1. Cα extents of segment 283-414 along the three principal axes, largest first, in whole Å?
2. Would you mind calculating the relative contact order of segment 339-389 from Cα pairs under 8 angstrom and at least 6 residues apart, reporting the percent as a whole number?
3. Compactness ratio of segment 441-526: Cα Rg over 2.2 N^0.38 Å, N = residue count?
4. With every protein chain in place, what's the accessible area of R333 (1.4 Å probe, Å², nearest 10)?
5. So what is the accessible area of segment 47-135 per residue, in Å², with the probe set to 1.4 Å?
6. Just to confirm a number: summing +1 for Lys and Arg and -1 for Asp and Glu over residues other than N334 whose beta-carbon lies under 11 angstrom from that of N334, what do you get?
7. Classify segment 354-504 from the C-alpha gyration tensor, please: rounded if a/c falls under 1.5, else prolate or oblate depending on whether a/b exceeds b/c.
8. Once the other residues with Cβ under 14 Å from the Cβ of I70 are scored (Lys, Arg +1; Asp, Glu -1), what is the net sum?
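The values are calculated or read from the model by the stated rules, or taken from the named source; none is laboratory data. Being a predicted model, the structure only gives us computed values, none of them experimental. A quick note on method: Cβ atoms are made from the backbone with ideal geometry, for glycine too, and the neighbour counts reach across all protein chains shown. Accessible surface areas use protein heavy atoms only, side chains included; no ligands, DNA or RNA. Shrake-Rupley method; radii C 1.70, N 1.55, O 1.52, S 1.80 Å.
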Amino acid sequence: MLPDSANSRMSSDLMQSPAWQALEIHAQMMQGRKISTLFAEDPARFKNCHVEQDGLLFDYSRQRITQKTIELLVNLARQEDLDGWRDKMFSGEKINTTEGRAVLHTALRRPADETVMVESENVMPFVERVRQQMKTFTEAVHSGEIKGSTGQKINTIVNIGIGGSDLGPYMVCEALKPWQKADITSYFVSNVDGTHISEVLKRINPETTLFLVASKTFTTQETMANATTAKNWLIEKLSNEDAAKDHFAAMSTNEDAVRQFGINPARMFPFENWVGGRYSLWSAIGLSICLSLGYDHFEALLNGAYAMDRYFQGAPLDRNIPVLTALFGIWNRNFLGCAAQAVIPYDQYLHRFPAFLQQLDMESNGKRVTRDGEAVSYDTGPVVFGEPGTNGQHAFFQLLHQGTDIIPCDFIAPKTSQNTVGEHHKLLLANMVAQAEALMHGRTLEEATGNPQRVFEGNRPSSILLFEEINPYHLGGLIALYEHKIFVQGIIWRLNSFDQFGVELGKEMAKGILASEGRGKSDIGILNYF
Ligand code: G6Q
């Protein structure tokens with residue numbers, strides 16, 4: 001039960017609250033303030049506006065903020081009881097109220113000897129049992145102890161899943177390519193467009209392939225269609241009705257459906273409904289990561305995330321990287337009016353990170369009703385998009401520099417590259433810093449020798465996240481950082497970040513349309529042309 005003061009606060013409008021009002025007044029005072037002037041006024045601005053933590057440097061000196069802004073934003077977080085909500089999440093309270101579920105992706109990376117209670121049961125023994133199941137299976141596949149139905153060693157993994165059961169593991173496997181097992185090739189199939197599975201099936205050998213069906217519900221239309229196609233293909237190619245039992249595994253919460261599909265229950269890797277799809281790469285859904293990279297690297301990923309969890313729980317709010325990134329996001333969205341957020345990794349291996357983050361952020365906080373069911377009167381989650389630098393520079397950065405919208409950027413880079421070739425890494429990092437500086441300084445009409453087309457208004461905010469290197473440990477930390485950023489923003493916007501009713505309407509309508517096919521003329525014009 002929340003204290004009374006909190007209850008009365010919840011029912012009043014966030015925008016009328018003291019902390020929000022103080023920020024409104026501050027925002028008026030900050031109008032017209034230039035980031036470059038803030039630098040000129042404080043030669044130690046970089047020193048004062050960065051945090052170093054466990055191989056990560058967070059430079060927020062190019063945000064349009066002062067220490068006062070941070071103080072007021074922290075007040076807002078306190079007013080919304082961030083500490084209390086954070087503790088509730090970590091301790092297994094059912095903060096996903098619309099679905100009546102705890103939110104415990106953080107339990108998946110905790111050491112086995114810790115205790116996390118859900119409905120008076122410690123979930124850690126279950127978490128550890130599944131981790132051991134994943135480890136044993138991974139090692140048996142790699143050693144050749146587990147073979148295909150014709151006795152051949154498995155050398156190909158095909159993960160079939162979509163949304164949260166695809167984007168996370170796929171992004172991680174791409175990001176950690178240098179750790180990929182030399183004798184394993186991994187594919188990820190998600191789209192119901194038959195092209196996706198067909199292009200993979202063209203390239204693989206049924207005798208040496210293991211299909212992983214990743215689906216929390218095991219009812220998702222796209223995944224079941226792709227899994228069925230894969231199963232039929234396998235049976236036909238191997239002329240063996242039973243082949244699926246040696247060539248399929250499942251990661252799911254739905255044991256009955258897995259059994260019905262014909263997958264050996266011993267090859268089912270379970271997880272619980274307190275793991276949301278987009279937060280599930282740490283669970284059994286990460287089996288494709290284990291098989292692609294080795295269990296030890298999956299463990300390092302978990303450890304990196306766990307270290308970030310501990311830091312998020314313990315660091316003071318005004319020095320806490322996930323909290324600060326969230327607060328700057330709130331400042332930019334609600335007080336500077338920025339409707340989008342770009343995420344630009346200067347690391348080719350992170351090329352799927354923006355796509356992963358799009359789901360994590362937009363599915364979590366793309367909502368217009370509070371956790372109490374009231375319509376919000378303020379803006380919530382921004383549009384999140386990105387591409388790796390430097391590619392993005394030659395594409396949409398035009399709009400970032402000279403467009404009519406101000407779009408804050410997060411730049412992410414490793415200090416050390418996994419591939420030291422000539423001067424490439426120097427060039428890469430120089431480009432990143434140049435973009436951040438150009439966004440901030442812009443170019444005046446005078447500097448542009450009177451040519452208005454060449455004027456950049458500047459004063460556009462950005463942050464830099466600089467990692468020692470992108471390895472399994474730091475990638476775990478990076479993902480957890482963004483998970484917590486999104487959590488903090490959801491708390492401040494008073495949302496339930498852990499449901500996703502917005503993706504369901506279209507799914508239901510697709511079913512209806514499919515069922516109506518062949519029943520004569522449709523009211524939906526385009527259908528008459530299919
Ligand atoms: C994620 C969403 C969604 C989900 C997919 C796949 O948070 O809920 O992206 O992950 O729809 O669902 P299944 O894992 O149940 O197939």
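1. In descending order, the Cα extents are 46, 43, 29 Å.
2. Values: 67 pairs, mean separation 29.9, N = 51.
Across segment 339-389, relative contact order equals 59 percent.
3. The value comes to 2.07.
4. 30
5. 42
6. So the surrounding residues net to -1.
7. oblate
8. +2
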